[in-house]
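The values are calculated or read from the model by the stated rules, or taken from the named source; none is laboratory data. The shown structure was predicted, so the numbers you read here are calculated from the model rather than taken from an experiment. Neighbour counts are summed over all protein chains in view; Cβ atoms, including those assigned to glycine, are modelled from backbone coordinates with ideal geometry. For the accessible areas, the whole protein counts, side chains as well, though only heavy atoms, and no ligand, DNA or RNA atoms are used. Shrake-Rupley method; radii C 1.70, N 1.55, O 1.52, S 1.80 Å.
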Amino acid sequence: MDYSYLVNVYGKLSSTSKRLEKTYHVAKLIEKASDTDLDMLMLLLQGKVFPVYDDNKIGVAAKLVIKAIKLATGFSADEIEDEWKKTGDLGITASNFISRKKQVTLFSQELTIQKVFSNLRKLASIEGQKSVNHKMQLIAELLTSARPDEAQYIVRTVLEDLRVGVGVGTLRDAIVWAMFPKVVGIFYKCAECGGWMPDTKLCLSCKKSVDNSFVDMVNALKEEKIVIAESDNIDKLDLHDKNYILPKDKDSARQIYNAIVEAVQEAYDITNDFAKVAKAARDGLKDLRKISLEVGKPLNLMLYLKAHDIEDGFKTVGKPAALEYKYDGFRMEIHRAGDDITFFTRRLENVTKQFPDVAKVILDSTEKTDFILDAEIIGYDKKTKRYLPFQKISKRIRRKYDLEQIQLDIPVVINVFDVLYADGKTLLKAPFSKRREMIASLIKEIPGKIALAEQLVTDNVDVASRFYQEALDMGNEGIMMKNLDGIYKPGARVGYGVKIKPVMETLDVVIIGAEWGEGKRSGWFTSFSVAVQDEDGNLIDIGKVSTGLKEKKEEGTSYEEMTELLNGLITSEKGKEVTVKPEIVIEIKYEEIQRSTNYSSGYALRFPRFVRLREDRGSDDISDISLVEELYDTQRGR
Ligand code: AMP
């Protein structure tokens, strides 16, 4: 596929903020794509060339891109930097210079997505002395054959800052729209142009108004390849080679459509691979349902709701329930296939290399079998045996050197609280009580190294309260309460488990921009713009944080350390302000949440304060707007 085709779609995606329209454009694109195209498109649409769980990263800074633009266009680095300061966007800057350059040399060799994809992938694997030069040439090669609009998106993809607003929800829905027969009542056929449309007033294709009458549609489509849905159970429908599903009524249409969406989401949650899901979906629902867990490939972890207290917890998870310590460490997905051990964080980053000591414990404490465990890793003080604050152990996630020393300095214990796969079988649909039995049969506990999560099964509020107190006395964050019959739903925040902690809820936010300080702090960033995410995973800003960091490195996370972290992530600079790739996640507290028109989230924080770095989280793993709304609603006096 020509890259210009994709760039055209990027343009359409950027020009609308409406989810339905974005989904429509993506669906149209992937409907026509070959299987090989899909492998690349599903990543490129998210501004990526590697899946999240892949160790490879593009890792190119703006300075190198400037050199590549220079090489491709002949303009000087100063000229490019000056223009960049004006536009605040290196993509647009590249596009501007390419268009000026093109007036001189008019030649054109069509770029394919294959070429762009493979050059960008190569960037990750180049190492050694000449690597900077080599990387610059790979980017310049693309820019030389790019048209201005193509250059804009190449640069944005290189900088991992695509900004077309396509989230997981949009891709999932686009697969449903493109690969399944259209559900009448959710989709309508435009009488003017014949295109199928969601329930919008104007046709998304010809822009004429569409008559969205369910009854008329049912009659009009009788001649098409249809399946008449007697039941709402999608597994009973023969969808093969059909264009439309005709449900009984509009309610039924919604049920059927939602069931298809859920089937696609489920397949995604266990693979994290939209290309694989799209290809299976094209072959039909049966093939989609066949997608299963693969040991060694990460799946999205189940998330928990929040309960105010124990009684509230019992209401959600039922009685009796399993209560467990809520360890304040970081979550780790542990895969064992024969002698191969792999670890993923909750954002699916592969951290196997950082934890050889943990791998050894797994080998020592389990039999040679295949399994996937869900666990919390927590560091402790060698002398006092007390748990260490999260900041200390989270250092181990990023650490790539001196691994031996840090293992000795910060020993960790693995607390296993769930199992998702064992002995060749997926356990996602097994009740929690059975999964817990399975953990016990898989693991031989080793004191100070690996244990099952401390658990108590009870239906008694007093007994539960004592357990809660005991958990806090032992230095834990709180407790979890879990439904004994609950299944494991990857990626979903459903009520099979809840968390209870005593402290005021903090927010996990991602830094999207920063401002240089003044006077003696002029070498540091001292104010940080932060964002939460909306329902589609788009980042929306909620305020600026400038307190809570330390002046001196020894005292904790300092302004200097934060400046070092952000320096390599800068994507644009204007005056004292910079924007950065949204990678650094921090936990913040605040006095109050207020409504505000200053920020795109619609909320602002009073006295926001930095609490700690969350190295274990990525920008897709931050607090979402529904949490902010809930916290706003439950504040004092509301
Ligand atoms: P939160 O991060 O506040 O949403 O709380 C849920 C997190 O608690 C999970 O992602 C785990 O990292 C952590 N956790 C600690 N102990 C447990 C446990 N026994 N069961 C489940 N999650 C736990």
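Phi angles across segment 434-451 convert, under the Karplus curve 6.51 cos²θ - 1.76 cosθ + 1.60 with θ = phi - 60°, into 3J(HN,Hα) values of 6, 5, 5, 4, 5, 4, 4, 7, 7, 10, 9, 5, 10, x, x, 10, 8, 8 Hz, Gly and Pro given as x.
Legend: Rg and Dmax of segment 312-416, from Cα coordinates, 15.3, 48 Å. Using only side-chain charges placed at the Cβ, +1 for Lys and Arg and -1 for Asp and Glu, the dipole size of segment 454-603 relative to its Cα centre rounds to 240 debye. Here the Karplus relation 6.51 cos²θ - 1.76 cosθ + 1.60, evaluated at θ = phi - 60°, turns the backbone of segment 350-358 into coupling constants of 7, 10, 4, 4, 6, 10, x, 5, 5 Hz, with x for every Gly and Pro. Close amide H partners of V351, meaning residues 5 or more places away or on another chain with modelled amide H under 5 Å apart, are F343, F344, T345. Residues in segment 522-535 carry Karplus couplings, in order, of 5, x, 10, 6, 10, 9, 10, 7, 10, 9, 10, 10, 8, 4 Hz; the curve used is 6.51 cos²θ - 1.76 cosθ + 1.60 with θ = phi - 60°, and Gly or Pro positions show x. Protein heavy-atom surface of segment 305-500, 1.4 angstrom probe: 50% of the accessible area is carbon and sulfur, with nucleic acids and ligands not counted.
Cross-link pairs exceeding 23 Å in C-alpha to C-alpha distance, out of K360/K434; K28/K189; K360/K385, comprise K360/K434. Among the trypsin sites (Lys or Arg not before Pro) in segment 366-399, those located in a DSSP loop and surrounded by at most 13 other Cβ atoms within 10 Å of their own Cβ are K368, K382, K383, K385, R386. The local environment of G296, defined by Cβ-Cβ distances under 10 Å, has a net charge of -1 under the rule Lys, Arg +1 and Asp, Glu -1.
Loop-resident trypsin sites (Lys or Arg not before Pro) (DSSP state other than H, G, I, E or B) in segment 101-185 with no more than 14 further Cβ atoms inside 10 Å of their Cβ: K130.
Carbon-plus-sulfur accessible fraction, segment 168-279 (probe radius 1.4 Å, protein heavy atoms only): 47%.
For K326, the residues whose modelled amide H falls within less than 5 Å of its own, excluding neighbours fewer than 5 places apart on the same chain, are E477, G478, I479, M480. Amide H to amide H, with H built 1.01 Å from N, S209 comes under 5 Å of C203, counting only residues 5 or more places away or on other chains.
Rolling a 1.4 Å probe over the heavy atoms of the protein chains gives the chain an accessible area of 45 Å² per residue.
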